[in-house]
Amino acid sequence: MSNNKSKDESSRPIGVFDSGIGGLTVVKELSRLLPDEKIIYFGDTARVPYGNKSRETIIHYSLQIAYFLMKKKIKMLVVACNSASSVSLPTLKRHFHIPIIGVIEPGAKAAITKSQNNKIGVIGTLGTVASNSYKKALKKINSKVNVFQQSCSLFVPLAEDGWNDTKIAQEISDEYIKSISGKDIDTLILGCTHYPLLKDVIQKSVGEDVELIDSGRETAKEVKKILEKKDLISKNKLSEKNHSIFYVSDFPHKFTEVSQRFLSKELKHVHKVKL
Ligand code: DGL
């Protein structure tokens, strides 16, 4: 009886949401680590960006999306968006009783483990930096850690428009990183879904000796651990019939086009929905 129940639960999809396309960097890491997990993704393309919106607005949007995903019978919810993870997790955890994870804690944990000198940089959207979510998560693990933060608003459009490895991207990155690179940091958290696409220019700005932490990658590792612990790893293979599904709140063309860059593969199953 309990075996049947667990098989039934394990075959459910993982829900992932983001303000738009950026969360596909998290999907990429999830698919790499957990290739047989079906993902139901929601990208709020009609209301992106979240990075400059108020806490109340982001919590409201996050709840709406989580209700939508819960109706798809997900077994776990991954908040791929750093701006949403920064403010929405407590509310989401109060409303829904499945495992829910954001990207902040896994990123912070990995940074603390990697840092030798306890000087850690954090870059993210205006909202993520203003919320101090990474700083709080880092200090919770080690109260003595020094945290230096910088918002990098222009990185999101640069990544979406494919300007990742350009001279302009390098100049913008150098300018942003200037404020934290003099602080002797040895670890830098990429605290935004889009920043892994810019990691080469960011690495150049900050110097080769600084370790970059990809919060999305760390989150995928944590998702795997949670599913294993709860015996929720899928026992079915993904197939033509049983594939991941992507929902967006605005027309899907741009999402499909840009997804190639974020996911390194073409997306077939993208649907527009109204929440
Ligand atoms: N997905 C967002 C994040 O990780 C970046 C884009 C936005 O501002 O909505 O913070």
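The values are calculated or read from the model by the stated rules, or taken from the named source; none is laboratory data. In this text, all values refer to a predicted model and were calculated from it rather than measured experimentally. Cβ atoms come from the backbone with ideal geometry, glycine included; neighbour counts cover every protein chain shown. When the accessible area is computed, the model is the full protein with side chains, heavy atoms only, and any ligands, DNA or RNA have been set aside. Shrake-Rupley method; radii C 1.70, N 1.55, O 1.52, S 1.80 Å.
For the range 222-275, a residue qualifies if it is closer than 30 Å to D165 by Cα and in a helix (DSSP H, G or I), and the qualifying residues are E222, H253, K254, F255, T256, E257, V258, S259, Q260, R261, F262, L263. Among the residues making up the range 224-254, those that are more than 18 Å from the chain's Cα centre (by Cα), surrounded by fewer than 16 Cβ atoms within 10 Å (Cβ to Cβ) and either among the β-branched types (V, I, T) or modelled with pLDDT of 95 or more (or both) are E228, K229, K230, D231, I233, D250.
Taking first residues from the range 195-206 that are touching a residue at least 40 places away in the same chain (Cβ under 8 Å) and partners that are small (G, A, S), the Cβ contacts under 7 Å between residues at least 6 apart in sequence or on separate chains come to P196/G216; L197/A159; L198/A159; L198/A169; L198/S173; I202/S173; V206/S181. Sort out which residues of the range 22-39 are basic (K, R) and either more than 14 Å from the chain's Cα centre (by Cα) or closer than 13 Å to Y247 by Cα (or both), and write them in order of number. If the condition is that a residue be basic (K, R) and either more than 14 Å from the chain's Cα centre (by Cα) or closer than 13 Å to Y247 by Cα (or both), then R32, K38 are the ones that fit.
Kindly evaluate K221 against the criterion of being open to solvent by 40 Å² or more (accessible area, probe 1.4 Å), among the basic types (K, R) and modelled with pLDDT of 95 or more.
Yes, satisfied.
Taking the range 98-210 and the helices (runs of 4 or more DSSP H) fully enclosed by it, the elements with 2 or more residues that are open to solvent by 10 Å² or more (accessible area, probe 1.4 Å), touching a helix residue (DSSP H, G or I) at 6+ places or on another chain (Cβ under 7 Å) and under 20 Å from G20 (Cβ atoms) are at 126-131, 155-160.
Of all residues in the range 237-275, those satisfying the criterion of being over 25 Å from Q64 (Cα atoms) and free of Cβ contacts under 8 Å to residues at least 40 places away in the same chain are S239, E240, K241, E257, Q260, K265, E266.
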